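Undergrad: Supplied in structure tokens, the structure appears directly below.
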Amino acid sequence: MTSIGARLPRKEDPRILAGKGRYVDDLTVPHMVHASFVRSPFAHADITSVDLAGARETPGVVASYSGSESAAGMPLIPTAAADWAPPRTPLTGDRVLYVGEPVAMVLASDPRTAVNGAERVDVDYEPLPHVLDPWEALSPGAPLVHPDRGTNKIGEIHKVIGDPDDAFARAHHVVSRRLTVQRISASPMEPRAILAVPEPSTGHLTVWLSCQGPHTLRTWLAHIFELDESKLRIVAPDVGGGFGSKLNLYSDELAVIWAALELGVPVKWVETRTENFTAGVHARDQIHDAELALDSRGKILALRSHFVGDLGAYFHFFTPVVPDLTIDTLTGNYDIPSVDIKLEKVFTNKMSIEALRGSGRAEATFVQERLIEEAARELGIDPVEMRLRNLVAPDQLPYRTPFGLTYTGGDYPALLERAAELVGYQAVRTRQAEARKVGRHIGVGFATYNLLCGFSPSGHDWNPMKFFPGHESTLIRVDPQGKAVVYSGLCPQGQGSDTVVAQIVADQLQIPFDHITVTHGDTETIPFGGGTHGSRGAVVGGHAALVAAERVVEKARQVAAAMLEAAAQDIAYEDGVFTVVGSPETAVSWHEVAEEAHFLKRCGPMFEPGLEATAFYDPPDVNFAFGANAAVVEVDTETGKVKILDFVSVDDYGVGINPGIVDGQIHGGIAQGIGQALYEQVSHDESGQVPSASFSAYLLPSAMEVPRLTLDNMVSPSDTPLGVRGVGESGTLASPPAIANAVADALAPFGVRIDRTPLRPDVVWELMHPE
Amino acid sequence: MKVSVVVNGAGHVVDCHPSTLLVHLLREELQLTGTHVGCDTSSCGACTVILDGAAVKSCTVLAGQADGREIETVEGLGPDGRLGPLQRAFAEHFALQCGFCTSGFLMAATALLRENPEPSESEVRKALEGNLCRCTGYQHIVDAVLSDPTGSGQP
Ligand code: FES
Ligand code: FES
């Protein structure tokens with residue numbers, strides 16, 4: 001019986017499909033009050049007064065708080081990623097630093113009354129000069145986001161490896177571009193939501209939170225409010241998507257918890273979509289001045305990128321380290337001996353940057369793949385051939401990158417060649433030539449990716465975060481009937497890891513998939529957990545489940561040995577039956593063993609009763625998944641509209657545990673990549689307002705914009721027991737540059753430069769009409 | 001004001017404020033929380049229900065406008081609380097991940113399939129254009145709807 005690799009149905013589907021999902025907004029508890037926030041309309045301003053009288057007079061309003069009144073009682077919020085963070089409190093007292101920053105909170109008996117009350121709060125502001133552009137923020141005399149620092153520059157990392165200066169000096173050709181990866185939003189379909197339920201008589205607090213990992217947040221919550229962690233319970237029920245945006249405890253969420261503790265009543269808050277766009281974290285937002293040094297055959301001698309990361313006004317959980325990930329992943333799958341990479345991180349008057357599916361690595365992939373494409377064009381080399389000349393070849397593996405990462409396994413050139421074959425590369429070129437004759441513009445673009453994932457071994461460079469575990473835990477408890485409940489430290493938001501974990505456990509315990517229940521997301525029942533992010537579900541959480549299951553089987557073997565009056569090492573376990581090696585007729589079933597483990601009726605106290613085991617799995621290293629994408633687009637040069645005609649993704653994620661789930665992860669990642677390439681941008685106007693703060697202005701791709709995707713995969717098992725690599729973020733990396741490259745290819749006759757995304761119709765049209 | 005509605009075949013009379021939206025009536029008064037709210041600009045379709053046979057975004061309808069009318073929500077899709085054929089097709093095709101958008105897609109697709117039992121892929125995509133999903137990339141949803149779940153395409 002093998003479950004791994006089978007397209008088994010997802011555990012949670014029947015419940016959700018019946019409309020019985022349980023998201024935070026679906027929960028009600030007695031005496032619950034609802035919160036609504038008053039937020040800054042200014043990018044930078046002093047708060048001169050806050051008048052709560054209007055709110056307090058609104059019938060149904062229970063309480064209201066302003067940052068200026070309550071700031072003294074409110075804790076400072078640290079970051080996980082650095083020792084220092086700009087001071088931030090749940091409600092801001094004296095000065096706002098971005099549009100959407102919470103300054104007051106109104107609590108009422110129902111959500112609409114809370115909103116009405118919040119609308120009646122009067123806040124006076126004294127606007128201050130603000131800075132939105134990262135280059136301007138770095139220039140002398142710019143308004144300072146945090147004046148006591150004396151600069152908007154947060155820090156700089158400069159890595160020079162090999163001899164890039166020499167490479168550029170002797171290069172046959174240098175290609176240089178300023179490439180921008182715009183600010184985008186995770187936009188999970190479920191906005192943030194929280195229900196904080198205090199129990200004043202005992203000092204306990206339960207927080208129902210739409211999040212990606214409750215244990216880490218419990219530790220943070222205890223730390224921030226100086227609470228006893230043993231009295232805190234955080235539960236993530238069904239979570240409607242996260243993509244990195246729900247790894248945080250946000251200011252407003254902390255204000256809700258603060259109010260629940262102050263008032264001693266349950267407080268609920270559900271974010272509106274508009275709030276999600278302004279007060280929910282943003283992502284990406286990097287500008288690269290990047291160049292490649294090339295020899296005459298198109299071999300890359302060196303990569304240089306000096307880039308700026310616009311981090312916004314404050315640090316959320318990972319903010320200061322998100323762009324760091326870009327540095328070490330900038331060479332991707334390519335064999336580039338010398339690098340010169342400099343990152344400057346900058347404060348601006350915007351919401352913070354945070355992790356978002358593919359964070360850091362998606363920016364790197366865009367830069368490297370856009371540059372290589374341009375290099376191919378300038379040198380007159382076919383773009384596939386150009387890549388083949390530079391990809392790390394299978395015989396170079398294990399390959400150590402200039403940054404010291406070690407790639408093992410896989411065949412990068414074969415992945416690209418397969419993508420070219422599936423997209424019908426030569427036929428597309430013919431079609432392109434035909435179309436051009438009649439004034440139609442078709443283009444084909446390629447990109448490869450290498451996804452650093454499986455975050456992260458404890459003590460590893462990629463795990464610098466305080467209170468952020470790189471390991472994962474699983475507890476497996478078998479009942480007397482032989483059925484198992486698995487308590488997984490993962491915290492899925494749609495990734496389907498309950499099913500994946502059950503498949504892994506089913507194979508080890510050799511019991512039916514349907515006899516396994518998986519539970520997650522509750523600090524009360526789960527031993528501990530790092531949660532779900534960074535493509536770690538299968539490769540870290542999966543292995544925790546594997547090791548726990550192995551331990552359960554070991555225990556069962558001892559019980560069977562006692563029952564069969566043999567030594568444990570002489571007991572074989574196959575097809576759900578324990579036998580004494582050499583005498584297969586001496587057998588007990590899994591069910592009999594499970595029963596005996598609990599009741600000890602047959603052999604008495606010969607072993608410790610019970611049949612359960614816990615495992616904490618700390619991965620020995622990070623992992624890598626890789627692949628290649630190909631896109632065919634048609635650009636309407638009249639309107640600037642880009643239509644994707646065909647999209648191919650060939651991926652190597654190692655062993656796939658459930659093909660339905662894996663394909664879904666890749667589809668979803670590519671759809672987000674299509675959004676990044678063609679539609680999505682968090683925009684700020686000159687005053688720092690966010691005109692894109694709705695789904696009518698921030699366009700997520702619909703079923704009309706995402707074409708049918710062609711997937712294929714190759715399997716090079718990783719050096720882990722399960723052979724898995726990671727897949728959650730795969731689709732987000734190569735899809736934006738593949739599409740941008742296809743647009744550049746389509747518009748090549750016009751000499752148009754594609755240096756930024758999104759390639760919305762208005763943007764493309766302007767590129768075509770530069771005056 | 002008093003609003004009387006038939007929801008999934010059962011009649012209800014609800015006392016609510018004139019500004020109450022249908023989605024809030026369903027979620028808060030009738031505890032039918034399978035219908036979700038994903039935006040505040042009528043853009044996401046998470047709140048889609050069937051009102052007198054047509055798929056509508058229940059955040060764009062006042063409770064009062066539903067007075068005397070018949071509403072179907074995800075909770076009424078399957079017979080006796082079991083899953084109906086389209087719901088089963090969603091599971092078979094991995095058409096949901098986080099599931100937050102799912103009830104909206106189920107209702108929009110149900111309305112489509114009643115009107116057009118054998119839609120083409122482009123007809124399915126067009127009919128689902130008003131529903132956003134951030135997780136699936138739509139392909140598995142489209143496949144589920146195209147899988148002829150009700151068997152009406154059988155000869
Ligand atoms: S809630 Fe988004 S359309 Fe109704
Ligand atoms: S399944 Fe998550 S939004 Fe559609």
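The values are calculated or read from the model by the stated rules, or taken from the named source; none is laboratory data. From a predicted model like this one, the values you see are computed outputs, not experimental measurements. Glycine also receives a Cβ, built like all others from the backbone with ideal geometry; neighbour counts cover every protein chain displayed.
Undergrad: B:Glu70 - would you say it is within 12 Å of another protein chain (Cβ to nearest Cβ) and either touching a Leu at 6+ places or on another chain (Cβ under 9 Å) or on the phi < 0 side of the Ramachandran plot (or both)?
TA: no
Undergrad: Another question, then. Which numbered condition trips up B:Cys133, out of (1) surrounded by 22 or more Cβ atoms within 10 Å (Cβ to Cβ); (2) touching a residue at least 40 places away in the same chain (Cβ under 8 Å); (3) within 12 Å of chain A (Cβ to nearest Cβ)?
TA: (2)
Undergrad: Right, another one. I'd like the full set of residues that are basic (Lys, Arg), under 25 Å from A:Gly496 (Cα atoms) and touching a strand residue (DSSP E or B) at 6+ places or on another chain (Cβ under 6 Å), limited to the range A:517-568.
TA: If the condition is that a residue be basic (Lys, Arg), under 25 Å from A:Gly496 (Cα atoms) and touching a strand residue (DSSP E or B) at 6+ places or on another chain (Cβ under 6 Å), then A:Arg551 is the only one that fits.
Undergrad: Within the range A:142-155, can one find any residue that is assigned to a helix (DSSP H, G or I) and touching an Asp or Glu at 6+ places or on another chain (Cβ under 6 Å)?
TA: no
Undergrad: Quickly run through the range B:82-105 and pick out the residues that are of a type outside the set (Ser, Thr, Tyr), within 15 Å of ligand 1 (Cβ to nearest atom) and part of a helix (DSSP H, G or I).
TA: Once the filter is applied, which keeps residues that are of a type outside the set (Ser, Thr, Tyr), within 15 Å of ligand 1 (Cβ to nearest atom) and part of a helix (DSSP H, G or I), the range B:82-105 yields B:Gly104, B:Phe105.
Yes/no per residue for (1) surrounded by 19 or more Cβ atoms within 10 Å (Cβ to Cβ); (2) free of Cβ contacts under 8 Å to residues at least 60 places away in the same chain; (3) within 20 Å of the chain's Cα centre (by Cα); (4) part of a strand (DSSP E or B):
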| site | (1), (2), (3), (4) |
| --- | --- |
| A:Pro198 | yes, no, no, yes |
| A:Ser201 | no, yes, no, no |
| A:Thr206 | yes, yes, no, yes |
| A:Cys211 | yes, no, yes, no |
| A:Thr219 | yes, no, no, no |
| A:His223 | no, no, no, no |
| A:Leu227 | no, yes, no, no |
| A:Ser230 | no, yes, no, no |
| A:Ile234 | yes, no, no, yes |
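Undergrad: Within the range A:2-59, track down each residue that is within 12 Å of another protein chain (Cβ to nearest Cβ) and among the basic types (Lys, Arg).
TA: Passing the criteria: A:Arg7, A:Arg10, A:Lys11, A:Arg15, A:Lys20, A:Arg22.
Undergrad: Sticking with this one: Consider A:Gly541 carefully, then state whether it is in the same structural domain as A:Ala594 (by TED's automatic domain parsing), within 18 Å of the chain's Cα centre (by Cα) and under 19 Å from A:Thr216 (Cα atoms).
TA: yes
Undergrad: Could you please let me know if B:Ala108 is in contact with a Gly (Cβ under 9 Å, 6 or more places away or on another chain) and within 16 Å of ligand 1 (Cβ to nearest atom)?
TA: For B:Ala108, the condition - in contact with a Gly (Cβ under 9 Å, 6 or more places away or on another chain) and within 16 Å of ligand 1 (Cβ to nearest atom) - is met.
Undergrad: Output the residues belonging to the range A:664-690 that are in a helix (DSSP H, G or I), more than 10 Å from every other protein chain (Cβ to nearest Cβ) and of a type outside the set (Gly, Ala, Ser).
TA: Passing the criteria: A:Gln676, A:Leu678.
Undergrad: Just checking, how many residues over the range A:272-324 are of a type in the set (S, T, N, Q) and farther than 15 Å from A:Arg361 by Cα?
TA: The total comes to 5.
Undergrad: Further question on the same structure: Checking the structure you have, find out if any residue of the range A:275-286 is within 14 Å of chain B (Cβ to nearest Cβ), within 16 Å of ligand 2 (Cβ to nearest atom) and of a type in the set (Val, Ile, Thr).
TA: The answer is no; no qualifying residue exists.
Undergrad: A further question follows. Among B:Thr60, B:Thr35, which is at pLDDT 95 or above, more than 16 Å from ligand 2 (Cβ to nearest atom) and of a type in the set (S, T, N, Q)?
TA: Criteria check complete, one pass: B:Thr60.
Undergrad: If you scan the range A:517-572, which residues turn out to be basic (Lys, Arg) and either surrounded by fewer than 24 Cβ atoms within 10 Å (Cβ to Cβ) or free of Cβ contacts under 8 Å to residues at least 60 places away in the same chain (or both)?
TA: Those that are basic (Lys, Arg) and either surrounded by fewer than 24 Cβ atoms within 10 Å (Cβ to Cβ) or free of Cβ contacts under 8 Å to residues at least 60 places away in the same chain (or both): A:Arg551, A:Lys555, A:Arg557.
Undergrad: Taking strands (runs of 3 or more DSSP E) that fall entirely within the range B:1-72, which contain at least 1 residues that are under 18 Å from A:Asp26 (Cβ atoms) and away from ligand 1 (no atom under 14 Å from the Cβ)?
TA: B:2-7
Undergrad: Considering only residues of the range A:176-195 that are buried (at least 24 other Cβ atoms within 10 Å of the Cβ) and among the hydroxyl-bearing types (Ser, Thr, Tyr), which is farthest from the other protein chains (Cβ to nearest Cβ)?
TA: Top of the filtered list is A:Ser185.
Undergrad: Can you tell me how many residues within the range A:691-736 are away from every other protein chain (no Cβ under 14 Å) and either of a type in the set (A, V, I, L, M) or part of a helix (DSSP H, G or I) (or both)?
TA: 7
Undergrad: Tell me, which residue of the range A:308-335 that is of a type in the set (A, V, I, L, M, F, W, C) and touching a Pro at 6+ places or on another chain (Cβ under 8 Å) is surrounded by the most Cβ atoms within 10 Å (Cβ to Cβ)?
TA: A:Leu311
Undergrad: Residues of the range A:469-497 being of a type in the set (S, T, N, Q) and farther than 21 Å from A:Val593 by Cα, which ones?
TA: Selection gives A:Ser473, A:Thr474, A:Ser488, A:Gln493, A:Gln495, A:Ser497.
Undergrad: In the range B:40-54, which residue that is in contact (Cβ under 8 Å) with a residue 60 or more places away in the chain and either more than 7 Å from chain A (Cβ to nearest Cβ) or over 9 Å from the mean Cα position of the chain (by Cα) (or both) is farthest from ligand 2 (Cβ to nearest atom)?
TA: Residue satisfying both the conditions and the ranking: B:Gly53.
Undergrad: Tell me which residues, restricted to the range B:67-107, are within 16 Å of ligand 2 (Cβ to nearest atom), under 29 Å from A:Ala193 (Cα atoms) and of a type in the set (A, V, I, L, M, F, W, C).
TA: B:Val74, B:Phe90, B:Ala91, B:Phe94, B:Ala95, B:Leu96, B:Cys98, B:Phe100, B:Cys101, B:Phe105, B:Leu106, B:Met107
Undergrad: Right, here's the next one. Which of the residues spanning the range A:581-605 are surrounded by 14 or more Cβ atoms within 10 Å (Cβ to Cβ), of a type outside the set (S, T, N, Q) and under 48 Å from the mean Cα position of the chain (by Cα)?
TA: Those that are surrounded by 14 or more Cβ atoms within 10 Å (Cβ to Cβ), of a type outside the set (S, T, N, Q) and under 48 Å from the mean Cα position of the chain (by Cα): A:Ala587, A:Val588, A:Trp590, A:His591, A:Glu592, A:Val593, A:Ala594, A:Glu595, A:Glu596, A:Ala597, A:His598, A:Leu600.
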